[in-house]
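**Q** Take this structure, written in structure tokens, and hold onto it; I'll ask about it next.
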Amino acid sequence: MGTHLVPLPWPAQSARHWPRRASKSGRSPMEPDLRVLPYGRRAMLVELPDARTRRAVTRTLQDHTVPGVDVVPAESTILLDISDPAVPDDAARALLADARRMVDALDLAALPPEEVRGGTPVTIDVQYHGPDLAEVAELFGGSVDAFIDWHTATPWMVEFLGFMPGFGYLTRPDHAERVARRESPRSVIPAGSVGLAGSYCGIYPGTSPGGWQLIGHTDTVLFDPSGAGALLRATDSVQFRAGR
């Protein structure tokens, strides 16, 4: 007997609000650019071909996805998950089916361009006195002051969150993979530490071991478990500002 999908507990958004393209082959409009895989009873995983596509699809899903479906991007995937235990399994299946129709209707050519980030950047004040600051500045071929000027010059983009609650992986188009992780990770990194590793910049929301190169510290709270939760979300812009 097939699974009965109960009516949605709220009005589903219509796929006509989504960019789409006609498919003469009968295949999903996005194939072979992405794959949609089952991920348990209450989630599905969307595999993306590259970072640019993942950013654009993440923004579009955040703006248009079905209420109740969490959008959780990673480096090369996006998880669509119904995490609210109050939503019964049959309603969760209906939500996922509706979300799948949204994904199948996407048109890569009509997704927002990469430079469109929207919103006001989250400003984070940083005291640039990290133990690895001088060494990192040398890798960038300049003085500490020149590196700070570069790091604060333009906004960074939150690609995704991971590692620990509230930890955002930030990138910028002019930042290549020039900063290697430490050969010997530190056993304790204080909360608020700002670091670089590979092509990413990140801020440790809590005390943790870690191998990133530390360039500074911020008093900004990145994760509040008893309040607003994570300060950052994927596709947010972050503007670093040198503290006084």
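Conditions tested, residue by residue: (1) modelled with pLDDT under 50; (2) surrounded by fewer than 19 Cβ atoms within 10 Å (Cβ to Cβ); (3) outside the structural domain of residue 166 (by TED's automatic domain parsing).
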position: 19; (1), (2), (3): yes, yes, yes
position: 41; (1), (2), (3): no, yes, yes
position: 55; (1), (2), (3): no, no, yes
position: 80; (1), (2), (3): no, no, yes
position: 92; (1), (2), (3): no, no, yes
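**Q** Would you check which residues across the stretch 211-228 are of a type in the set (D, E, K, R) and not in a strand (DSSP E or B) and list them? Spell out how you get there, then give the answer.
**A** Residues of the stretch 211-228 of a type in the set (D, E, K, R): 219, 224.
Residue satisfying the conditions is 219 alone.
**Q** Out of (1) under 21 Å from the mean Cα position of the chain (by Cα); (2) closer than 27 Å to residue 45 by Cβ, the odd one out for residue 101 is which?
**A** Against the list (1) under 21 Å from the mean Cα position of the chain (by Cα); (2) closer than 27 Å to residue 45 by Cβ, residue 101 comes up short only on (1).
**Q** Taking the stretch 192-244 only, how many residues are without any contact (Cβ under 8 Å) to a residue 40 or more places away in the chain and either at positive phi or surrounded by 17 or more Cβ atoms within 10 Å (Cβ to Cβ) (or both)?
**A** Keep residues of the stretch 192-244 that are without any contact (Cβ under 8 Å) to a residue 40 or more places away in the chain, which gives 192, 197-199, 202, 207, 209-212, 221, 224, 226-228, 244.
Keeping just the survivors that are either at positive phi or surrounded by 17 or more Cβ atoms within 10 Å (Cβ to Cβ) (or both) gives 192, 197-198, 202, 210, 212.
Here the count works out to 6.
**Q** Quick check on my filter: what residues within the stretch 140-157 are more than 17 Å from residue 218 (Cα to Cα), in contact (Cβ under 8 Å) with a residue 12 or more places away in the chain and not in a helix (DSSP H, G or I)?
**A** 140, 154, 157
**Q** Please count how many residues of the stretch 65-91 are outside any loop (DSSP other than H, G, I, E, B) and under 22 Å from residue 234 (Cβ atoms). Walk me through how you get there before you give the answer.
**A** To start, the set of residues in the stretch 65-91 that are outside any loop (DSSP other than H, G, I, E, B) comprises 70-73, 77-81, 89-91.
Next cut, under 22 Å from residue 234 (Cβ atoms) only: 70-73, 77-81.
Result for the stretch 65-91: 9.
**Q** Report yes if some residue within the stretch 46-53 is in contact (Cβ under 8 Å) with a residue 40 or more places away in the chain, β-branched (Val, Ile, Thr) and touching a Pro at 6+ places or on another chain (Cβ under 8 Å); otherwise report no.
**A** Looking through the stretch 46-53, none of the residues is in contact (Cβ under 8 Å) with a residue 40 or more places away in the chain, β-branched (Val, Ile, Thr) and touching a Pro at 6+ places or on another chain (Cβ under 8 Å).
The values are calculated or read from the model by the stated rules, or taken from the named source; none is laboratory data. It should be emphasised that the depicted structure is a prediction, and the values quoted were computed from it without experimental measurement. We place every Cβ from the backbone using ideal geometry, glycine too, and count neighbours over all the protein chains shown.
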